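What follows is a single structure, written as structure tokens, with notes after it.
Laboratory data are not the source of any read-out in this text; all were calculated from the coordinates shown. As the structure is a prediction and not an experimental result, all values here were calculated from the model. Here the Cβ is made from the backbone with ideal geometry for all residues, glycine too, and neighbour counts use every protein chain on show.
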Amino acid sequence: MKKIIIAIDGFSSCGKSTMAKDLAKAIGYIYIDSGAMYRAVTLYCIEHHLFDTNGGIDEDVLKQKLSDISIRFQTDPESKRSITYLNGVNVEERIRMLDVSSLVSPIAALRSVRETLVRLQKEMGKEKGIVMDGRDIGTEVFPYAELKIFVTASSDIRAKRRFDELRAKGQTVNLEEIKQNIEERDRIDQTREISPLRKADDAVLLDNSYLSIEEQKKWLIEQYKKAANA
Ligand code: DC
């Protein structure tokens, strides 16, 4: 079977990361969560007080700081989970918190941020054998990926999944607030000027609203086999 690139795009909280992670593990590929990179830049902006009180940001100021931001992924030897490091610090949990989620979309809409992160992502895919999930992986980062999947699910179901996930981590969360956050991110992601979220023409559509994790896994492996044997 040939080594390929697998691009998984779709709406937020569709379980893209879980599915991409599981698939990568099952087939021995590297997994890269591109959303974590946008989240890490957002956390950097929070920590360096770059947001104004309305959540706005001066792109020129951030642009000058981009070279100070180092984002790395490392697999935890015990849990085998991929951990995101921002300037050497493990931020895997921190970047999933609601303040980062609320501020990440405007950061991901900035041209300078996208150019920097897309360059890094392309570099990561040079050797193939990679599963990357995000919003523009099949359209911008790897337009020639051998397998592209576009994932969707209803916003109610997505909000409930995120709610359960955050609650399980002990965070106090509000379902309605999460749903609003998801819908607002969908709106910004789809309408932004640069690399808006859209299905690539040659991507396979997956609506996982009513699929179990196991059914989804089976479906993904079938898609992978088809693409890698083609
Ligand atoms: O997948 P996620 O929720 O962790 O993504 C966080 C944000 O980053 C989300 O608002 C969309 C944005 N994003 C993006 O614009 N392009 C990507 N390739 C990945 C994420």
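Give the residue that is surrounded by the fewest Cβ atoms within 10 Å (Cβ to Cβ), with candidates limited to residues of segment 33-52 that are within 10 Å of the ligand (Cβ to nearest atom) and either in a strand (DSSP E or B) or under 10 Å from the mean Cα position of the chain (by Cα) (or both).
Top of the filtered list is Gly35.
Which residues, counting only those in segment 19-32, are under 25 Å from Thr116 (Cα atoms) and part of a helix (DSSP H, G or I)?
Correct list: Ala20, Lys21, Ala24.
Mind listing just one residue for me: the one in segment 127-180 that is in contact with a Ser or Thr (Cβ under 9 Å, 6 or more places away or on another chain) and in a loop (DSSP other than H, G, I, E, B) and, of those, farthest from Tyr31 (Cα to Cα)?
Residue satisfying both the conditions and the ranking: Ser154.
So Ile194 clears everything in (1) of a type outside the set (D, E, K, R); (2) outside any helix (DSSP H, G or I); (3) farther than 25 Å from Asp68 by Cα except one condition, right? Which one?
Among (1) of a type outside the set (D, E, K, R); (2) outside any helix (DSSP H, G or I); (3) farther than 25 Å from Asp68 by Cα, Ile194 violates only (3).
Can you tell me which of (1) touching a Phe, Trp or Tyr at 6+ places or on another chain (Cβ under 9 Å); (2) within 11 Å of the ligand (Cβ to nearest atom); (3) farther than 19 Å from Ser17 by Cβ is the one Leu110 doesn't meet?
Status for Leu110: all satisfied but (1).
Just the residues that are more than 10 Å from the ligand (Cβ to nearest atom) and either of a type outside the set (Gly, Ala, Ser) or without any contact (Cβ under 8 Å) to a residue 60 or more places away in the chain (or both), please, taken from segment 191-201.
Thr191, Glu193, Arg198, Lys199, Asp201
Please find, among Lys65, Lys122, the residue that is touching a helix residue (DSSP H, G or I) at 6+ places or on another chain (Cβ under 9 Å), free of Cβ contacts under 8 Å to residues at least 24 places away in the same chain and within 13 Å of the ligand (Cβ to nearest atom).
Lys122
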